[in-house]
1. State, to one decimal in nm, how far the label point of B:LEU21 lies from the label point of A:THR86, with both points 7 Å from Cα in the Cβ direction.
2. Roughly how many Å² of A:MET239 are accessible to a 1.4 Å probe, to the nearest 10?
3. Within the range A:202-225, list the residues whose amide N lies under 20 Å from a label point set 7 Å along Cα→Cβ of A:GLN109.
4. Grab the beta carbon distance between A:LEU338 and A:MET239, set R0 = 51 Å, and tell me the FRET efficiency rounded to 0.05.
5. Return the residues of the range B:3-31 for which accessible area with all protein chains present is lower than in the chain on its own by 30 Å² or more; set the probe to 1.4 Å and exclude ligands, DNA and RNA.
6. Considering protein heavy atoms only and a 1.4 Å probe radius, which residues within the range B:75-89 exhibit an accessible-area decrease of no less than 50 Å² in the full assembly relative to the chain by itself?
7. Evaluate peptide B:53-65: per residue, the Cβ atoms of other protein chains within 10 Å of its Cβ; return the mean as an integer.
8. How fast does the protein assembly as shown diffuse by Stokes-Einstein, in µm²/s, taking the Kirkwood radius from C-alpha pairs at 10 °C and 1.306 mPa s?
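The values are calculated or read from the model by the stated rules, or taken from the named source; none is laboratory data. Just so it is clear, the model here is predicted, and its values are computed rather than measured. No Cβ is skipped: glycine too gets one built from the backbone with ideal geometry, and neighbour counts run over all protein chains shown. Surface areas here come from the heavy atoms of the whole protein model, side chains and all, with no ligands, DNA or RNA. Shrake-Rupley method; radii C 1.70, N 1.55, O 1.52, S 1.80 Å.
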Amino acid sequence: MNENEREPVALTPEETLRYHRQIILPQVGPQGQDRMKSASILLVGAGGLGSPAALYLAAAGVGRLGVVDGDVVELSNLQRQVLHDTPSVGRSKTESAHRRIARINPDVQVEEYPVRLNSDNALGILEGWDVVVDGSDNFPTRYLVNDACVLLGIPFVYGAVFRFEGQASVFASPGGPCYRCLFRDPPPPDAVPSCAEAGVLGVLPGLVGTIQATEAIKLVLGIGDPLVGRLLLVDTLPMEFREVELRRDPGCVVCGDFPSITSLIDYEEFCGGATAPLAAPLERPQVAEIDVEELRARLGSGRAPVILDVRENHEWSISNLGPYGARLVPLGRLQEVLSELDPEEDLVIYCRTGHRSAIAVKQLASVGFDRALNLRGGINEWARKIDPSLPTY
Amino acid sequence: MTVRVPAPLRELTGGREQFQLEARTVDEVLEQIRRIEPLLAGRLFSDDGNVRGFINVFVDGTEIRHLESGRRGVRPGAVVTIVPSVAGG
Ligand SMILES: [Zn+2]
């Protein structure tokens with residue numbers, strides 16, 4: 001007889017029916033299901049990762065689900081944030097999440113926190129939950145969730161996505177590493193591309209968020225081998241799952257043997273004001289620049305430079321300098337067109353904000369194009385200062 | 001051995017998703033990365049030559065900071081994995 005079946009548990013006949021397929025798993029049993037019913041899981045972020053996590057945790061019968069998110073549902077969220085639907089556009093994400101969860105499983109108690117997590121509210125919101133699922137979309141919140149969970153002793157399931165690639169792990173579990181053990185420093189704030197700019201395959205957060213839900217359930221039930229001390233790397237294009245080993249850093253500032261962080265800090269400041277969703281920590285290379293006023297003057301002077309746009313096709317269709325002879329060469333294809341360019345000619349390179357073009361100018365300079373200039377502020381700056389008829393994005 | 005370039009860093013390799021190098025030690029791996037992909041190396045390493053705090057380099061699944069100096073040999077065909085911090089959710 002399974003030891004899970006020894007103690008009487010408080011499941012109703014309807015619950016026994018609803019959860020039958022997992023109750024018959026020997027690792028779960030009625031006692032595991034009861035444990036699930038008395039468990040509480042807090043979701044930080046009801047976006048791409050939080051969506052599938054919320055759906056599966058609700059369906060699985062987690063007793064109490066908390067949802068922290070200060071945003072409203074936008075149309076551009078629906079491509080991946082499957083918790084929300086078209087009629088919910090404009091509503092708060094927590095309200096939308098609450099309604100959806102209630103329809104999936106009315107037995108789940110939902111706590112809404114329609115706020116952005118910050119150093120003042122984090123400990124109050126996170127305290128008392130059994131497990132936290134981090135599905136946030138920015139570095140300050142990720143470091144905040146980490147530090148708060150370490151300080152409170154709550155394990156949290158980490159997940160992050162970018163384009164076609166994702167990461168997942170379990171941090172702040174007793175004796176295991178934390179997020180800071182893996183990433184000691186935040187990336188510099190002046191970084192592109194942001195996720196909004198670089199894009200993300202809609203299914204990817206579905207995949208990673210579902211892995212997070214799996215880990216959260218394993219932690220609640222105390223079964224299997226959680227992703228403690230392991231970082232799972234998912235790459236959907238080759239469809240590869242890889243794993244690397246993580247260790248707790250005894251010198252870690254928050255979970256180490258002699259921690260210097262013993263209360264929450266200012267995470268916006270720590271991350272250098274990186275409030276926008278960021279990925280790809282990249283400082284802008286120092287290269288020769290031209291500003292938009294100067295470019296305009298040159299265009300009318302008979303010393304008009306050759307203009308290259310190193311953005312992607314779809315960005316060109318939003319705005320471009322085609323009327324001034326600009327040519328679209330996405331950054332990844334720059335090497336292919338070098339032979340068509342004249343190193344003796346004046347070149348001006350632009351992108352959306354001047355970051356990718358700075359990389360392009362650096363690449364060009366390294367192969368002898370000394371006259372290439374980066375358009376400072378990119379086409380958005382041109383739209384703001386020179387041609388307001390162009391949209392910014 | 002193969003070095004996979006994660007998506008957030010591919011702008012620095014002209015879009016290249018992976019590249020090959022020959023090395024017998026971790027130090028040679030890093031040296032080869034510097035030689036073959038200098039822009040990528042500029043992102044990976046700080047001025048003092050250490051891997052930056054928001055990126056990790058793993059050889060066969062072990063972070064190179066954890067490899068003791070005496071155990072920094074690398075087998076032929078080892079997999080070099082670069083893990084950048086990403087925040088998308
Ligand atoms: Zn730590």
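1. The two pseudo-label positions are separated by 5.1 nm.
2. Rounded to the nearest 10, the figure is 110 Å².
3. Residues passing the 20 Å test: A:217, A:220-221.
4. About 0.95, to the nearest 0.05.
5. Checking the loss per residue gives B:ARG4, B:ALA7, B:PRO8, B:GLU11, B:GLY14.
6. B:VAL83, B:SER85, B:VAL86, B:ALA87, B:GLY88, B:GLY89
7. That average works out to 5.
8. It diffuses with D of about 66 µm²/s by this estimate.
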